[in-house]
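*Asks:* Please find one structure pasted underneath; my questions will follow.
The values are calculated or read from the model by the stated rules, or taken from the named source; none is laboratory data. Computed from a predicted model, the values in this text were never measured in an experiment. All Cβ positions, even for glycine, are placed from backbone atoms using ideal geometry, and neighbour counts span all protein chains on display. Heavy atoms of the whole protein, side chains included, go into the accessibility calculation; ligands, DNA and RNA do not. Shrake-Rupley method; radii C 1.70, N 1.55, O 1.52, S 1.80 Å.
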Amino acid sequence: MVYKMQFNLPILLTLFRIIMVPFFILTFYLPFQSASFFCIILFIAASLTDWFDGFLARRWKQTTKFGTFLDIIADKIMIITALILIVDRFHLWYITLSASIIIIREMLIAFIRAWIAEFTPRNVILISKISKIKTSFQMFSLIILLCKNIIAEEIGFNLLFTATLLTFLTMLQYLYIVWRDIINH
């Protein structure tokens, strides 16, 4: 059986988000003062396409398995890339630890979701309110820390540490729910 992939605007927005990553990285390293401004604009634009593609897919009833999968991958690529840039910029153990916890959680949850989709009859994708709050803290902390503003760094650090704590809590919550679901079925 040949599978024909359907492209729609939400999927194209998600692909656009992935295509933006190299430009996002390049602008971070450009050697002029306003480069961080352009880097932040690209990151914010990518973050907005993340919200917008999901909204459009649900609104227009164009959600697909491929689109959902691609959206998760695009999210991980953007967050992990931004975290790597932040680690490279600061070279501080606590920033590296925070980034590592967030990256490990993102990969672990992605693997668990793939496992659930492959090996269980139910396709359980859990997104709690805490996860949405965690994502907001992550995004705001990364925007602040990407802007290379020494005055705002303390706020960015505090937001990142809060995001790290929420990341760890949501990982435990997710693992508990999946474990409970496996045990009960």
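*Asks:* What number goes with the only condition from (1) modelled with pLDDT of 90 or more; (2) open to solvent by 50 Å² or more (accessible area, probe 1.4 Å); (3) not in a loop (DSSP other than H, G, I, E, B) that L85 does not pass?
*Replies:* Evaluating L85 over (1) modelled with pLDDT of 90 or more; (2) open to solvent by 50 Å² or more (accessible area, probe 1.4 Å); (3) not in a loop (DSSP other than H, G, I, E, B) leaves (2) as the failure.
*Asks:* So is I40 among the β-branched types (V, I, T), within 19 Å of L160 (Cβ to Cβ), open to solvent by 50 Å² or more (accessible area, probe 1.4 Å) and assigned to a helix (DSSP H, G or I) or not?
*Replies:* The answer is no for I40.
*Asks:* For the list (1) modelled with pLDDT under 90; (2) under 22 Å from I44 (Cβ atoms), I need the number of the one condition that L146 fails.
*Replies:* The one condition L146 does not meet is (1).
*Asks:* For the list (1) open to solvent by less than 40 Å² (accessible area, probe 1.4 Å); (2) under 18 Å from L70 (Cβ atoms); (3) of a type outside the set (V, I, T), I need the number of the one condition that L48 fails.
*Replies:* (1)
*Asks:* OK, next. Before we move on, is A110 at pLDDT below 85, open to solvent by 40 Å² or more (accessible area, probe 1.4 Å) and under 24 Å from Y174 (Cβ atoms)?
*Replies:* Here the answer is no, as A110 does not meet what is asked.
*Asks:* All but one of (1) open to solvent by 30 Å² or more (accessible area, probe 1.4 Å); (2) of a type in the set (K, R); (3) not in a loop (DSSP other than H, G, I, E, B) hold for K61; state the number of the condition that does not hold.
*Replies:* (3)
*Asks:* Quick one: what pairs do we get from segment 56-82, first residue of a type in the set (S, T, N, Q), second part of a helix (DSSP H, G or I), C-beta under 6 Å, 6+ apart or different chains?
*Replies:* Q62/P10; T63/A57; T81/V21
*Asks:* Let me ask something else about it. On the given criteria, is K132 open to solvent by 50 Å² or more (accessible area, probe 1.4 Å), on the phi > 0 side of the Ramachandran plot and out of contact with any Cys (no Cβ under 8 Å at 6 or more places or on another chain)? If you could, list the steps in order and put the result at the bottom.
*Replies:* Numbers: open to solvent by 50 Å² or more (accessible area, probe 1.4 Å): yes; on the phi > 0 side of the Ramachandran plot: no; out of contact with any Cys (no Cβ under 8 Å at 6 or more places or on another chain): yes.
For K132, the condition - open to solvent by 50 Å² or more (accessible area, probe 1.4 Å), on the phi > 0 side of the Ramachandran plot and out of contact with any Cys (no Cβ under 8 Å at 6 or more places or on another chain) - is not met.
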